[in-house]
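Read-outs: derived from the displayed coordinates by stated rules, not from any lab. Note that the structure is a prediction, hence the values are computed from the model and not measured. Cβ coordinates were reconstructed from backbone atoms using ideal geometry, including for glycine residues, and neighbour counts include every protein chain displayed.
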Amino acid sequence: MMVDSGSSPKISWKDKLLGINPGVIDNEKLGSPSAVADEVLEFLEGNIHISIVNGIPTIDFSERIQKILFKEMELTIVLKLLKRNIGYEAFNNQMSSLWNPTKPFHLMDIENGYCLAKFQSIDDYTKVLLQGPWLIYGQYLTVQP
């Protein structure tokens, strides 16, 4: 895989998380249910309710905000390599070569050895969920929607 380090537009963390690449229009994605064009994530009065339950802070979102957040996560899976952790780059390279996706996916490292993989294609998403088991360096990879 080649990476062009030429002048590309700057991408914000939010855009990276949501899989939005400025300057690139994906016609196939525009018609998909995950297209952001439907509704913008805008917080209005009453969309967020913060409270404390048994001494633990809780945040409740309105149904509208929940739908927007769920729509953005519809092609995202949770990954965990059992018994060992490897570096982000090695993990990303292993996933790319194992899955051989038709479109790039975004891998986000979260705590305790878990990662999120967000796909741009429903075909790649279903392939990863339904095929397997996936082995990396002899260890099983857990995959959950």
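Looking only at segment 119-145, count every residue that is of a type in the set (S, T, N, Q) and loosely packed, with under 12 Cβ neighbours inside 10 Å and tell me the total.
Just the residues of segment 119-145 that are of a type in the set (S, T, N, Q), to begin with: 120-121, 126, 131, 139, 142, 144.
Now drop any that are not loosely packed, with under 12 Cβ neighbours inside 10 Å, which leaves 131, 144.
Final tally of qualifying residues: 2.
Return the pairs, sorted by first residue and then second, in which the second residue is of a type outside the set (D, E, K, R) and in a helix (DSSP H, G or I), the first residue lies in segment 58-86 and is touching a residue at least 24 places away in the same chain (Cβ under 8 Å) and surrounded by 11 or more Cβ atoms within 10 Å (Cβ to Cβ), the beta carbons are less than 6 Å apart, and the residues are 6+ apart or on different chains.
72/18; 75/125
Write out, first by first residue and then by second, each pair whose Cβ atoms fall under 6 Å of each other, whose residues are 6+ apart or on separate chains, and whose first residue, in segment 133-145, is closer than 29 Å to residue 71 by Cα while the second is among the β-branched types (Val, Ile, Thr) and assigned to a strand (DSSP E or B).
Matching pairs, first to second residue: 143/77; 144/78; 145/77.
Confirm whether residue 98 is in a helix (DSSP H, G or I), in contact (Cβ under 8 Å) with a residue 12 or more places away in the chain and surrounded by fewer than 15 Cβ atoms within 10 Å (Cβ to Cβ).
No, not satisfied.
Of everything in segment 53-94, what is of a type in the set (Val, Ile, Thr) and in a helix (DSSP H, G or I)? Give them in sequence order.
Selection gives 65, 68.
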